[in-house]
Amino acid sequence: MTNVWVYGMFDLDNYGDCLFPLIIKSRLDGLYNNLHFVSLTGHKTQFEDSVSSISFENAESLVNHGDIVIIGGGNVIGDFPLTFFEDQNNPYGKKFSGEDLWLTAIENAFFRQAKVVISAAGAFAPLKKSTLRRWEAVREQICYISWRDHSTWRICGRRNGEYIVPDIAMDHKLIQIITGCKHIKKVDEVLVNARPRSIRNDEFQQMCKTISRIGEKLDLKVRLIAISKSHADDRVAQEMSRHINGSVYSGRETSLCLATLKIARSRLVITSSLHVYIAAIAANCNSVVVERPRYNKFKGCRSHISKSGISVGDWSSLDGLIMSLDQAEGCIDDCQKKLDKHWNRITSILIGNHEQQRLYY
């Protein structure tokens, strides 16, 4: 029996990475019931409704001839130690390196005579020459390669025959997939989500004052949300709650559904998280994304859509904005045709109708 093995950071306490299995199940479950999710450790995440995964070590011997291995999505392309998370209790410690989850998985798949697909994967740093040599040795055998931005395509060698597609979370049905709700009534709230690495030491106090003024000007209650234990955004939310009078913070989110509902019902979302931003524009929320650090994934995401809300380089820049809901309008509908084509290509591989010719999108 043919199995489909999807590799990603599904063991990480991070909102975006935990969305991917639910999105993939919504697209492929009806076609393939033998769908398995693989992470480095198989660790259960902070979200009670996240999809369970098995460990990379356990999956190695389970992949069989004729199976299909899917790599992605998210920032899974890398080759450095996975020690950069603010949460020191993340599941990886010093045991794993970035290439284990994608390159080693691809090499094992081909050793076991399985097919490989790369689905809208991202990279945010150049690869070592040794990694690129290993990558060049396997890339021609891969059925379908898609990256979520041009930066990743360049990092991985600028090869024709590879597609640039939106992050798979940029689906106009994202909110329905995660919550089961087609229509969500808006409430008079501005939702704020901030990661420690996005805030300079000298701007925290001013940032809190600015967010307070935004709430007052727009007559919106400030709701603080923490959706990524791995990036320690709960520490920021807790500290902000002490500085923003009348703000609401109910602790670290433990449900993807409830966290997504809080995002989707907000009139305005301000965040430094890519996938909180994506969820906000998928829900047609007015959105401000703080692109600090200035990762390529932000620019790559916004390149796929015409109405992308407001982008700023740091939290202090919020103070100079004339905050109006019209300015911050976001809409994700531009992505749907690209994503439908993307999933059609993957589906054709699963059902055996794959044409070998690959064209650059």
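The values are calculated or read from the model by the stated rules, or taken from the named source; none is laboratory data. Remember, it's a predicted structure, so these values are computed and weren't measured experimentally. Counting neighbours? That spans all protein chains shown, and the Cβs are built from the backbone with ideal geometry, glycine included.
Is it the case that some residue within region 315-323 is in contact (Cβ under 8 Å) with a residue 12 or more places away in the chain, buried (at least 17 other Cβ atoms within 10 Å of the Cβ), acidic (Asp, Glu) and outside the structural domain of Asp87 (by the TED database)?
No, that holds for no residue.
If I filter region 224-272 down to residues being farther than 27 Å from Phe10 by Cβ and charged (D, E, K, R), which single residue comes out as nearest to the chain's Cα centre (by Cα)?
My answer is Arg267.
Six or more apart or on different chains, Cβ under 6 Å: which pairs go from a residue in region 31-52 that's in contact (Cβ under 8 Å) with a residue 40 or more places away in the chain and within 12 Å of Ser255 (Cα to Cα) to one that's of a type in the set (Phe, Trp, Tyr) and surrounded by 18 or more Cβ atoms within 10 Å (Cβ to Cβ)? Could you list them?
Val51/Phe37
Specify which of the listed residues (Ser212, Ser241, Ser228, Ser255) is in contact with an Asp or Glu (Cβ under 6 Å, 6 or more places away or on another chain) and over 19 Å from Gly313 (Cβ atoms). Let's see the steps before the verdict.
Working: Ser212 fails: in contact with an Asp or Glu (Cβ under 6 Å, 6 or more places away or on another chain); Ser241 fails: in contact with an Asp or Glu (Cβ under 6 Å, 6 or more places away or on another chain); Ser228 fails: in contact with an Asp or Glu (Cβ under 6 Å, 6 or more places away or on another chain).
Matching residue, one of Ser212, Ser241, Ser228, Ser255: Ser255.
Quick check: is even one residue across region 210-226 part of a loop (DSSP other than H, G, I, E, B), modelled with pLDDT of 95 or more and crowded, with 23+ Cβ neighbours inside 10 Å?
Yes: one or more hits.
Looking at (1) farther than 30 Å from Val6 by Cβ; (2) at pLDDT below 95, can you tell me which one Gly161 breaks?
(1)
Here's the yes/no breakdown for (1) in the same structural domain as Ser317 (by the TED database); (2) closer than 24 Å to Glu86 by Cα; (3) in contact with a strand residue (DSSP E or B) (Cβ under 9 Å, 6 or more places away or on another chain):
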| residue | (1), (2), (3) |
| --- | --- |
| Arg197 | yes, yes, no |
| Arg200 | yes, yes, no |
| Leu220 | yes, no, yes |
| Ile227 | yes, yes, yes |
| Ser241 | yes, yes, yes |
| Ser250 | yes, yes, yes |
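Would you confirm, using the coordinates I've provided, whether Ile70 is buried (at least 24 other Cβ atoms within 10 Å of the Cβ) and either more than 27 Å from Asn89 (Cβ to Cβ) or not assigned by the TED database to the domain that holds Thr347 (or both)? I'd like the intermediate steps shown before the answer.
Details: buried (at least 24 other Cβ atoms within 10 Å of the Cβ): yes; either more than 27 Å from Asn89 (Cβ to Cβ) or not assigned by the TED database to the domain that holds Thr347 (or both): yes.
It is true that Ile70 is buried (at least 24 other Cβ atoms within 10 Å of the Cβ) and either more than 27 Å from Asn89 (Cβ to Cβ) or not assigned by the TED database to the domain that holds Thr347 (or both).
Return the residues of region 171-194 that are surrounded by fewer than 22 Cβ atoms within 10 Å (Cβ to Cβ), within 22 Å of the chain's Cα centre (by Cα) and of a type in the set (D, E, K, R); say none if nothing qualifies.
Lys173, Lys182
For Val76, all conditions in the list (1) of a type in the set (Val, Ile, Thr); (2) in contact with a Phe, Trp or Tyr (Cβ under 7 Å, 6 or more places away or on another chain); (3) in a loop (DSSP other than H, G, I, E, B) hold save one; what is the number of the exception?
(3)
Out of Asn14, Asn58, Asn33, I need the residue that is farther than 27 Å from Ile175 by Cβ and either in the same structural domain as Arg345 (by the TED database) or touching a Cys at 6+ places or on another chain (Cβ under 6 Å) (or both). Which one? Full working, then the answer.
Details: Asn14 fails: farther than 27 Å from Ile175 by Cβ; Asn33 fails: farther than 27 Å from Ile175 by Cβ.
Going through Asn14, Asn58, Asn33 in turn, the sole match is Asn58.
Would you check if Asp67 is more than 16 Å from Ala123 (Cβ to Cβ), in contact with a Ser or Thr (Cβ under 9 Å, 6 or more places away or on another chain), at pLDDT 80 or above and of a type in the set (Asp, Glu)? Walk me through how you get there before you give the answer.
Numbers: more than 16 Å from Ala123 (Cβ to Cβ): yes; in contact with a Ser or Thr (Cβ under 9 Å, 6 or more places away or on another chain): yes; at pLDDT 80 or above: yes; of a type in the set (Asp, Glu): yes.
Spelling it out, Asp67 is indeed more than 16 Å from Ala123 (Cβ to Cβ), in contact with a Ser or Thr (Cβ under 9 Å, 6 or more places away or on another chain), at pLDDT 80 or above and of a type in the set (Asp, Glu).
This table checks each residue for (1) assigned to a loop (DSSP other than H, G, I, E, B); (2) closer than 28 Å to Leu258 by Cα; (3) within 18 Å of the chain's Cα centre (by Cα).
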residue: Thr2; (1), (2), (3): yes, no, no
residue: Val6; (1), (2), (3): no, yes, yes
residue: Cys18; (1), (2), (3): no, yes, yes
residue: Phe37; (1), (2), (3): no, yes, yes
residue: Thr45; (1), (2), (3): yes, yes, yes
residue: Asn64; (1), (2), (3): yes, no, no
residue: Glu86; (1), (2), (3): yes, yes, yes
residue: Asn90; (1), (2), (3): yes, yes, yes
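Which one is modelled with the lowest pLDDT, of the residues in region 318-351 that are closer than 17 Å to Lys307 by Cβ and acidic (Asp, Glu)?
Taking the candidates together, the pick is Asp326.
Please verify whether Asp100 is crowded, with 16+ Cβ neighbours inside 10 Å, among the charged types (D, E, K, R) and assigned to a loop (DSSP other than H, G, I, E, B), treating the condition exactly as stated. Show your work before the answer.
Numbers: crowded, with 16+ Cβ neighbours inside 10 Å: yes; among the charged types (D, E, K, R): yes; assigned to a loop (DSSP other than H, G, I, E, B): no.
No; evaluated as a whole, the condition is false for this residue.
Criterion first (assigned by the TED database to the domain that holds Asn108, acidic (Asp, Glu) and assigned to a loop (DSSP other than H, G, I, E, B)) does Asp49 satisfy it?
Details: assigned by the TED database to the domain that holds Asn108: yes; acidic (Asp, Glu): yes; assigned to a loop (DSSP other than H, G, I, E, B): yes.
Yes: the conditions hold for Asp49.
Which ones in region 257-306 are of a type in the set (Val, Ile, Thr) and not in a loop (DSSP other than H, G, I, E, B)?
Applying the first criterion (of a type in the set (Val, Ile, Thr)) to region 257-306 yields 260, 263, 269-271, 276, 278, 281, 288-290, 305.
Of everything in region 257-306, those that are of a type in the set (Val, Ile, Thr) and not in a loop (DSSP other than H, G, I, E, B) turn out to be Thr260, Ile263, Val269, Ile270, Thr271, Val276, Ile278, Ile281, Val288, Val289, Val290.
List every residue pair whose Cβ atoms lie under 6 Å apart, where the two residues are 6 or more positions apart in sequence or sit on different chains, the first residue falls within region 155-171 and is under 15 Å from Gly72 (Cα atoms), and the second residue, located anywhere, is assigned to a loop (DSSP other than H, G, I, E, B).
Taking only residues 6 or more apart or on different chains, the pairs are Tyr163/Tyr361; Ile164/Tyr361; Pro166/His304; Asp167/Arg148; Ile168/Gly73; Met170/Ile332.
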